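A.B. asks: Dropping a structure here in structure tokens format, bear with me for questions.
The values are calculated or read from the model by the stated rules, or taken from the named source; none is laboratory data. Just so you know, these numbers come straight off a predicted model, no measurement behind them. Note that we place each Cβ from the backbone using ideal geometry, even for glycine, and neighbour counts take in every protein chain shown. Calculation scope for accessible area: heavy atoms of the full protein, side chains included, ligands and nucleic acids excluded. Shrake-Rupley method; radii C 1.70, N 1.55, O 1.52, S 1.80 Å.
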Amino acid sequence: LSDSTDLEACTGIENIDEAITLLEQNNWDLVAAINGVIPQENGILQSEYGGETIPGPAFNPASHPASAPTSSSSSAFRPVMPSRQIVERQPRMLDFRVEYRDRNVDVVLEDSCTVGEIKQILENELQIPVSKMLLKGWKTGDVEDSTVLKSLHLPKNNSLYVLTPDLPPPSSSSHSGALQESLNQNFMLIITHREVQREYNLNFSGSSTIQEVKRNVYDLTSIPVRHQLWEGWPTSATDDSMCLAESGLSYPCHRLTVGRRSSPAQTREQSEEQSTDVHMVSDSDGDDFEDATEFGVDDGEVFGMASSALRKSPMMPENAENEGDALLQFTAEFSSRYGDCHPVFFIGSLEAAFQEAFYVKARDRKLLAIYLHHDESVLTNVFCSQMLCAESIVSYLSQNFITWAWDLTKDSNRARFLTMCNRHFGSVVAQTIRTQKTDQFPLFLIIMGKRSSNEVLNVIQGNTTVDELMMRLMAAMEIFTAQQQEDIKDEDEREARENVKREQDEAYRLSLEADRAKREAHEREMAEQFRLEQIRKEQEEEREAIRLSLEQALPPEPKEENAEPVSKLRIRTPSGEFLERRFLASSKLQIVFDFVASKGFPWDEYKLLSTFPRRDVTQLDPNKSLLEVKLFPQETLFLEAKE
């Protein structure tokens, strides 16, 4: 509403709808709208200054100083109201983009329509009953269906969304599964910059939006999103909020072309150069602007108090407890007043902005720019719209600065910032800001982080031009770059020393680990040998105990001359020695096995063989007698280890 407010103040139009209509007819060019309302003949502006006519350009407020005599009004500039062109009230059209789940519906209505009529259109488009529909997104909060759109003072373009809490969510389908798979894929976009004939190969995930692609292209080509002219997008890619997986792009590669579209200001200037009539041209860059006081207005009559009185909401809530929430409102309000082409304001506390700008690696550090806003200043509207939102300034700030903002209009917010300023920058800077007059705002503070403190490099007041603002930003950047190079050198040397120390520490640690590993391996080996030796000893002791028990259990050897038949066995051991013993012919074969085992040859490890015929005696029934197995009267056997 700032442009419509300025138009009302300059032309005396009291109807805000008429002012908005005039601005829309002139493509929101404030100067062209003023020039169209105030009658002019061959570059002579008729004004009521005691009946005088003042020759000169169609509109040059600087040529009428505040001290010029006036007829009956205290205003320094008051055009003749009866001679103003009469503009008929045209219906104002409002554009609404309504989002519901995965759909977007565009609705265009006159401002004389009601909220209920929007719902009726949505009922036909979305097939949702009006009774089940909640239309959200109004800046003034929830509104009734009978509310007239005109009473809400809405901008031309609006975004709303529909909630249906009483309706179940849609069921998933195979399409959603395919979409989920596409969201996980990567798309290669081959983008050609038409003006410079340069090609970029960019990778994006399927979940990235078209808006993210355009913002990345802005970083590469310096063409703002609103000035980008694209070729190659699929016909289904109708919304910048659409993700690439839904846009219909060719997978895995898709070719696009981007160029810069001609701005309305450039088109208007070309047409004006061909015209022979005298017209007033607005310099969109603000190069010829020097001071708002040249307009001959008193204490914000045109751009200050009159406009702020009609603003619907403050830039920042009073007594804001959370700085992040306050800056979210500041950014939203700034965009609604001055458009989307503005610096990217850091959302968070001032301490968090310090962390982002200063407390990172030297190569990643940036300057901190603090924008101090004041709604009551006569310079605020011009500074924001003509300088702070200039594309060159926005681009330079985004590349080299972290931009943080605060609104000093409310006394409580002003006191809070002065407290922060005193804590972070010292009392001198806080006192400098405290003594600034209202009309010296807005202020732009350029902060550079140092090892021990934060230094304020520059304080830029609002009465400046785009060129001067850019020069002062570049001068601060030169100082910062020199300091940054020193910091990078010191950081690299420190990292080199730390790397050497880390390598030495790592080598020492590895050496210790190797020694410890060797020691532990030796200890494990010794322990294993000890364990095996213990097992061997235990086995030998066990075998010796078994041998002794078998030896003691053997019956006494019979004499050669015995009443019972005696069998004499001669047993050859694997070492070549012979074991000889007499057994009763009636003795069981098991006694022979026990005898051999008592000599250290257990029958489960050795087998006992006879020669003629060759047979394995250990396979015979141990309960049979020697006579039964034909080991009588004498036999020679030999021992053989089992495999």
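A.B. asks: Identify all residues within region 386-409 that are polar (S, T, N, Q) and either closer than 25 Å to L220 by Cα or open to solvent by less than 10 Å² (accessible area, probe 1.4 Å) (or both); write none if there are none.
C.D. replies: Answer for region 386-409, where residues must be polar (S, T, N, Q) and either closer than 25 Å to L220 by Cα or open to solvent by less than 10 Å² (accessible area, probe 1.4 Å) (or both): Q386, S392, S395, S398, Q399, N400, T403.
A.B. asks: Continuing with the same structure: Only residues that are surrounded by 14 or more Cβ atoms within 10 Å (Cβ to Cβ) and touching a residue at least 40 places away in the same chain (Cβ under 8 Å): list them for region 609-639, please.
C.D. replies: Residues satisfying the conditions are S625, L626, L627, V629, L631, F632, E635, T636, L637, F638, L639.
A.B. asks: Follow-up. When you look at E356, is it touching a Cys at 6+ places or on another chain (Cβ under 7 Å) and open to solvent by 20 Å² or more (accessible area, probe 1.4 Å), yes or no?
C.D. replies: So E356 fails the test.
A.B. asks: For the condition at pLDDT 90 or above and among the small types (G, A, S), what is the one hit in A369, A320, A362, A306?
C.D. replies: Going through A369, A320, A362, A306 in turn, just one is at pLDDT 90 or above and among the small types (G, A, S): A369.
A.B. asks: So R92 passes all but one of these: (1) surrounded by 16 or more Cβ atoms within 10 Å (Cβ to Cβ); (2) of a type in the set (K, R); (3) at pLDDT 85 or above. Which condition number does it fail?
C.D. replies: Evaluating R92 over (1) surrounded by 16 or more Cβ atoms within 10 Å (Cβ to Cβ); (2) of a type in the set (K, R); (3) at pLDDT 85 or above leaves (3) as the failure.
A.B. asks: Further question: Within region 336-347, which residues are surrounded by 15 or more Cβ atoms within 10 Å (Cβ to Cβ), within 19 Å of the chain's Cα centre (by Cα) and either at positive phi or touching a residue at least 40 places away in the same chain (Cβ under 8 Å) (or both)?
C.D. replies: Of everything in region 336-347, those that are surrounded by 15 or more Cβ atoms within 10 Å (Cβ to Cβ), within 19 Å of the chain's Cα centre (by Cα) and either at positive phi or touching a residue at least 40 places away in the same chain (Cβ under 8 Å) (or both) turn out to be P343, F345, F346.
A.B. asks: Would you call D142 charged (D, E, K, R), open to solvent by 50 Å² or more (accessible area, probe 1.4 Å), touching a strand residue (DSSP E or B) at 6+ places or on another chain (Cβ under 8 Å) and modelled with pLDDT under 85?
C.D. replies: Against the criterion (charged (D, E, K, R), open to solvent by 50 Å² or more (accessible area, probe 1.4 Å), touching a strand residue (DSSP E or B) at 6+ places or on another chain (Cβ under 8 Å) and modelled with pLDDT under 85), D142 qualifies.
A.B. asks: Quick one: in region 403-427, of everything that is in a helix (DSSP H, G or I) and among the hydroxyl-bearing types (S, T, Y), which residue is nearest to H373 (Cα to Cα)?
C.D. replies: Of everything passing the filter in region 403-427, S412 is nearest to H373 (Cα to Cα).
A.B. asks: Determine which single condition S112 fails, assuming it passes every other condition in (1) part of a loop (DSSP other than H, G, I, E, B); (2) out of contact with any helix residue (DSSP H, G or I) (no Cβ under 7 Å at 6 or more places or on another chain).
C.D. replies: Tallying (1) part of a loop (DSSP other than H, G, I, E, B); (2) out of contact with any helix residue (DSSP H, G or I) (no Cβ under 7 Å at 6 or more places or on another chain), S112 fails exactly one: (2).
A.B. asks: Could you say which residue among S587, S549 is among the small types (G, A, S) and surrounded by 13 or more Cβ atoms within 10 Å (Cβ to Cβ)?
C.D. replies: Testing whether each residue is among the small types (G, A, S) and surrounded by 13 or more Cβ atoms within 10 Å (Cβ to Cβ) leaves just S587.
A.B. asks: Out of all the residues in region 198-214, is one or more aromatic (F, W, Y) and assigned to a strand (DSSP E or B)?
C.D. replies: Yes - at least one qualifying residue is present in region 198-214.
A.B. asks: Within the bounds of region 440-463, is there any residue that is assigned to a helix (DSSP H, G or I) and either outside the structural domain of I223 (by the TED database) or buried (at least 16 other Cβ atoms within 10 Å of the Cβ) (or both)?
C.D. replies: Looking for residues that are assigned to a helix (DSSP H, G or I) and either outside the structural domain of I223 (by the TED database) or buried (at least 16 other Cβ atoms within 10 Å of the Cβ) (or both), one finds at least one in region 440-463, hence yes.
A.B. asks: Would you please name the residue that is farthest from N184 (Cα to Cα), looking only at residues in region 242-265 that are modelled with pLDDT under 90 and aliphatic (A, V, I, L, M)?
C.D. replies: Once the filter is applied, the top-ranked residue is A265.
A.B. asks: Something else about it: For the condition of a type in the set (S, T, Y), over 16 Å from F346 (Cβ atoms) and touching a strand residue (DSSP E or B) at 6+ places or on another chain (Cβ under 9 Å), what is the one hit in T438, T481, T464?
C.D. replies: It is T464.
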